[in-house]
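These notes are about the structure you will find just below.
Coordinate-derived values only; no laboratory data. Only a predicted model underlies this, so the values are computations on that prediction, with no experimental measurement involved. Heads up, the Cβs are rebuilt from the backbone with ideal geometry, glycines too, and the neighbour counts pull from every protein chain shown.
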Amino acid sequence: MESIKVLLAGPVLPYLEQELDKRFKLLKFWNYPDKTQFFKDHANSIRAIVGSSGYGADAALIEALPNLEIVSSFSVGVDKIDLGKCKEKGIPVTNTPDVLTDEVADLTIGLILALLRRICECDRYVRSGKWKTGNYKLTTKFSGKTVGIIGLGRIGTAVAKRAEAFNCSICYYSRTEKQDSKYKYYPSVVELASNCHVLIVACPLTSETRHIVNREVIDALGPKGVLINIGRGPHVDERELVSALLEGRVGGAGLDVFENEPHVPEELLGLENVVLLPHVGSASVETRKAMADLAIENLVAHFQGKPLLTPLF
Ligand code: 8YV
């Protein structure tokens with residue numbers, strides 16, 4: 001397999017880069033600034049692309065590689081891959097579901113608690129020495145609140161289970177009602193937002209879910225509600241969220257993802273009712289290793305002519 005050319009779309013976990021490099025002829029796309037020359041030298045011989053949540057394969061890249069056989073993503077979200085183009089060309093796409101579900105769900109609960117109980121703010125209060133002279137602010141209870149989840153897939157369901165342990169009532173929005181779910185279904189995101197305290201975005205990013213949290217949804221959530229985004233930045237109309245936070249039209253936000261990562265709107269940096277994380281939902285040693293191994297195993301299976309472990313198609 002050492003002679004099979006695999007294109008790594010962008011920098012990823014060093015472990016994944018090393019392990020790919022051991023097994024394949026790995027080409028790191030960002031190491032070739034002269035793309036014209038790169039395509040002249042390698043376009044006909046690249047057989048696989050490895051992508052991630054940050055770097056994928058758009059239609060132009062897929063078209064440029066006539067012998068591309070597979071795209072393996074080191075992420076569960078595949079919004080950076082042109083799935084339509086892959087389907088059209090019969091190129092299978094794999095991702096890393098399940099192995100990161102617990103990690104992302106755990107972080108979601110952490111983000112809710114950090115926001116409502118002001119954990120980060122309290123930490124800053126102690127570090128700055130203010131505890132010796134001042135009074136800390138009271139916070140908001142999480143247990144027993146109503147949690148609304150946009151997208152009741154693997155991650156949404158894992159978050160729901162955890163929130164149940166906090167005696168929360170759970171409701172959700174998804175395109176269709178889940179017949180086997182015990183949670184309350186709302187057929188619109190606005191209705192969901194009007195009926196919950198904590199609104200969580202946990203659906204895949206597609207053209208239909210882009211800006212699924214818009215001004216109307218944010219206003220429906222209101223000053224007593226908080227938004228948690230562990231999906232993708234573009235799920236939320238960030239300009240509208242920033243205005244709502246500045247104007248006090250929404251209670252707060254816990255954000256692991258942003259529209260233009262790693263750029264975070266300047267206005268958010270000064271607010272105490274937000275918790276801002278650098279897209280770390282899956283970022284534990286254990287989980288990132290499991291994701292990397294799965295991304296590699298999918299490639300190995302493909303080149304050994306075996307069934308793919310986690311194919312999208
Ligand atoms: C990324 C993620 O994979 O799985 C996803 O969709 O967003 C993350 O787990 C991770 O940031 C590496 O790109």
Counting Lys and Arg as +1 and Asp and Glu as -1, what is the net charge of the other residues whose Cβ lies under 13 Å from the Cβ of ALA292? -2
Using a Gaussian network for the chain with springs between C-alpha atoms less than 10 Å apart, which of these wobbles most: ILE91, ILE81, ILE149? ILE91
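Highest first, please rank the peptides 221-233, 270-282 by the mean number of other Cβ atoms sitting within 10 Å of their residues.
Numbers: 221-233: 22.2, 270-282: 17.2.
Ranking the peptides 221-233, 270-282 by packing returns 221-233, 270-282.
Average projected area of the Cα convex hull of the chain, in nm²? Before the final figure, lay out the partial values.
Details: hull surface 72.0 nm².
Mean shadow area of the hull around the Cα atoms is 18.0 nm².
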Provide the per-residue ³J(HN,Hα) series for region 161-177, in order, calculated from phi with Karplus coefficients 6.51, -1.76, 1.60 and θ = phi - 60°, each as a whole number of Hz, with x at glycine and proline positions. 4, 5, 5, 4, 5, 9, 6, 7, 8, 10, 9, 8, 10, 8, 4, 10, 5
DSSP beta bridges in the chain: the antiparallel percent, rounded to 5, is 5 percent
Taking a quarter of the surface of the Cα convex hull of region 178-250, what do you get in nm²? 4.9 nm²
Measure off 7 Å from each Cα along the Cα-to-Cβ vector at LEU309 and ASP58, then give the distance between these two points in nanometres to one decimal. 3.1 nm
For THR146, other-chain or 5+-apart residues with amide H closer than 5 Å (H placed, Pro excluded) are SER169, HIS197, VAL198
What is the extension gain from LYS224 to GLU88, computed as 0.36 nm multiplied by their sequence separation minus the C-alpha to C-alpha distance, in nm to one decimal? 44.3 nm
For region 156-313, Rg(Cα) over 2.2 N^0.38 Å is 1.18
For each of ARG175, ARG47, count neighbouring Cβ atoms within 10 Å of the residue's Cβ, then give the residues from fewest to most. ARG175, ARG47
Comparing ASP34, ASP21, ASP98 in a Gaussian network model of the chain (Cα, 10 Å), the one with the largest mean-square fluctuation is ASP34
